[in-house]
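The values are calculated or read from the model by the stated rules, or taken from the named source; none is laboratory data. Since we're looking at a predicted model, the values are computed, not measured. Here the Cβ positions follow ideal geometry from the backbone for every residue, glycine too, while neighbour counts run over all protein chains shown. Just the protein is used for accessible areas: all its heavy atoms, side chains included, with ligands, DNA and RNA removed. Shrake-Rupley method; radii C 1.70, N 1.55, O 1.52, S 1.80 Å.
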Amino acid sequence: EDVRRDRSTAFNEMALSRQFGGCAGRAVAELAASAAGARVAGFPPAWVGVGRAVGQASVGGAPRVGQRLMSTSERVKGPGDIKRKNFYVSINAVGGRFAWLLNMLGYNSEEAKQIRSSSTLYLRARDQSGRAEFREKLGLVASFENRYYLECLHVWMILMRLRSEGPNGKLISQDLFDNFHTDLTTQMSGMGVQAIQLSTRARELQSVFYGAAVSYDYSLGGADALLASALYRNIFGCNVRAVHLNEMVAYVRREVHTLNKMDSETFLRGRWTFGSPALPEIAA
């Protein structure tokens with residue numbers, strides 16, 4: 001009976017890894033094993049549907065412990081080392097003098113406001129992911145890989161908040177994700193990825209995002225241990241000190257709570273910033 005149970009657990013882990021993508025799939029599989037006896041049927045149908053939409057995110061099966069979803073030898077010294085896409089979201093002093101003309105050209109139309117909102121919100125996620133505290137206080141190495149995983153986390157938090165904005169939130173969510181994808185291809189092009197490979201690599205990294213988002217969605221409503229499990233694999237790559245993992249769990253819960261309490265006007269116009277990823281030090 002124990003052998004059959006082990007085989008069933010291994011089979012479900014492999015299936016979920018293929019559905020949800022690499023380490024994220026393994027994290028979800030382990031959570032399923034503890035919550036529902038390693039039964040795939042324990043997941044809501046919507047999650048399984050998302051997993052199937054991810055496709056072949058992990059063609060080679062689940063990675064070994066400590067292996068990341070994505071690996072690159074590229075190391076960067078800071079956020080400015082890789083070319084990024086520019087987003088223009090405000091009017092300068094000169095442009096403000098021609099507000100009447102901008103109104104005639106549709107600058108204040110609902111569609112234009114949605115475009116600016118999606119760009120502003122994406123910039124909030126992108127800028128936050130480049131903060132030095134993630135490296136200095138939480139032990140993350142400065143690399144394209146780690147920066148991308150952090151951007152996935154912050155984009156996910158913003159997309160979660162946009163779910164409460166109704167139809168307008170759905171449109172902004174799509175535009176925001178398009179910005180994320182466009183900026184990603186700009187980065188890879190700047191790193192020397194050939195044009196013929198950009199589409200394939202971008203799809204692979206999108207699958208990484210989908211897998212991580214499903215893992216975060218599943219774990220956010222549960223105990224801290226579940227969220228820690230998702231962050232352990234999708235941010236730290238199975239290599240982290242417990243104190244750093246605890247700080248990251250507290251950070252995510254705090255920022256999600258702050259975003260949920262924020263009024264729509266402040267949120268959509270981007271009149272806010274994420275807080276510090278490092279908890280304040282306690283004096284001895």
Fill in: Hits in the range 106-151 (condition: hydrophobic (A, V, I, L, M, F, W, C) and over 22 Å from Val243 (Cα atoms))
Ala112, Ile115, Leu121, Leu123, Ala125, Phe144
Worksheet item: Can you name every residue in the range 267-284 that is open to solvent by 40 Å² or more (accessible area, probe 1.4 Å) and at pLDDT 90 or above?
Response: Arg269, Arg271, Thr273, Ser276
Worksheet item: Among the residues of the range 187-205, how many are in a helix (DSSP H, G or I), modelled with pLDDT under 90 and open to solvent by less than 50 Å² (accessible area, probe 1.4 Å)?
Response: 4
Worksheet item: In the range 226-239, is there at least one residue being farther than 28 Å from Thr182 by Cα and not in a helix (DSSP H, G or I)?
Response: yes
Fill in: Residue, nearest to Lys137 (Cα to Cα), within the range 212-228, restricted to residues that are touching a Ser or Thr at 6+ places or on another chain (Cβ under 9 Å) and open to solvent by less than 20 Å² (accessible area, probe 1.4 Å)
Ala228
Worksheet item: Out of the residues in the range 128-186 that are touching a Leu at 6+ places or on another chain (Cβ under 9 Å) and of a type in the set (Ser, Thr, Tyr), which is nearest to Glu255 (Cα to Cα)?
Response: Ser129
